[in-house]
Amino acid sequence: MRFTVNDVPHLPDGFTATFTSRTAEVDGLTLHAVTGGRGPALLLLPAWPQFWYGWRLVMPALAEHFTVVAADVRGVGASDKPATGYDPVTLAADMAGLMTALGHERFAVAGHDLGMIVGYALAAGHRDRVTRLAVAEAILPGLSPMPPLLMEPALNEYLWHFAFNRLGDINERMVAGREEIYFGHQFASKAATPDAIPPHAVDVYVDALRDPAALRASFAFYRAEESVAQIADLARTPLTIPVLAAAGERGSGEAVEQVMRKVADDVTGALAPDAGHFLPEEAPRWTARTLIGFFG
């Protein structure tokens, strides 16, 4: 199985002494997570177009306080990549099943980008299980304001992938064999500086996306037509647990806090100075410190 803890380069010193890869069968799927540490369970959910590896720089500090479960949702990393099931409610149910299989009935959740949407659906749809929720750098479909079709150049560079990723199949045909061009651009254009995510890390993410099933899944998250209706239904009852809404000062800014205030009663905002979209890699010390302070 590729992209487990023993298959990826450039991990922090001592990482594999603390963390191991584990798999669990959930409703016929094999789901993968990297686990380690001690204390209350903390589920980390990955960003698009990444997998658990995006949390690697933050995990050692978190493991001093929590039992960390850095999961691969269906379609990414070392988890199965089925043809269907990429809507928020299904992805959240997968993660609830994974945590049950790993022995964690109650747990906190931190989700970045795609992980924010899945984390919110998990907290809102499984309210008896999630104790606290931290989210970062994403929208909530149907609730976040959508930009116009014709945007000013800097914003267009940052957001154009939303429309592209939702296309029927021409995007897969255009990107296949050119994954380093498309996904390399995502990392360069969404970080605070083009080289903020080191080339060796970009290579790992791009390599994972060369698998046709992973490439298809990367677009399936955006094609899930149920997302808007599902989020709207979940939002009818606001979250009452504490919520941390984090963003990069040079990323989404205050937009994350603003949208989470529409769906939760107890929201705290936090901005990472000089960081762009990829908080766990651009600002790992800030991210670890902020999450430890929030989850306590």
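Summarising the amide proton neighbourhood of A283: residues at separation of 5 or more, or on other chains, whose placed amide H is nearer than 5 Å comprise an empty set. Every pair of different Cα atoms in segment 67-197 enters the Kirkwood calculation, which places the hydrodynamic radius at 16.8 Å.
Cα-based values for segment 148-274, radius of gyration first and Dmax second, are 16.9, 46 Å. Entry note, segment 1-159: relative contact order of 20 percent, from Cα contacts under 8 Å with a spacing of 6+ residues. At the listed q of 0.26 Å⁻¹, the Debye profile of segment 220-296, built from one uniform point per Cα, gives log10 I(q)/I(0) equal to -1.11.
Please figure out what share of the DSSP beta bridges in the chain is antiparallel and state it in percent, rounded to the nearest 5. Don't jump to the answer; show the numbers that get you there.
Numbers: 13 of 38 bridges.
Close to 35 percent.
Each residue was assigned an accessible area with a 1.4 Å probe, and for D265 the value is about 110 Å².
Our summary of shape: the Cα atoms of segment 1-95 have principal axis extents of 37, 28, 22 Å, ordered from largest down, in whole angstrom.
Over segment 85-184, what is the relative contact order in whole percent, taking alpha-carbon pairs under 8 Å and six or more residues apart? Walk me through the intermediate numbers first.
Working: 83 pairs, mean separation 20.7, N = 100.
RCO, segment 85-184: 21 percent.
Within segment 101-207, the GluC sites (Glu not before Pro) that combine a DSSP coil assignment with at most 11 other C-beta atoms in a 10 angstrom radius are E105.
Gain in length, A101 to L155, computed as 0.36 nm per residue apart minus the alpha-carbon separation, to one decimal in nm? Walk me through the numbers before you get to the answer.
Details: separation 54, 0.36 × 54 = 19.44 nm, distance 4.17 nm.
Computed gain between A101 and L155 is 15.3 nm.
Which log10 I(q)/I(0) values, to two decimals, does the chain give at q = 0.07, 0.12, 0.13, 0.16 Å⁻¹ under the Debye formula with one point per Cα? So the normalised log intensities work out to -0.22, -0.70, -0.84, -1.41.
Taking N as the number of residues in segment 111-175, what is its alpha-carbon radius of gyration divided by 2.2 N^0.38 Å? All intermediate terms of the calculation are to be shown ahead of the outcome.
On the way: Rg = 15.1 Å, N = 65, 2.2 N^0.38 = 10.7 Å.
Taking N as the residue count of segment 111-175, the ratio is 1.41.
Pairwise Cα distances in segment 54-108 exceed 12 Å for 70 percent of all pairs.
The values are calculated or read from the model by the stated rules, or taken from the named source; none is laboratory data. Model, not experiment: these values are computed from the prediction. Please note: Cβ atoms are built from the backbone with ideal geometry, for glycine as well, and neighbour counts cover all protein chains shown. For accessibility, only protein heavy atoms count, side chains too; no ligands or nucleic acids. Shrake-Rupley method; radii C 1.70, N 1.55, O 1.52, S 1.80 Å.
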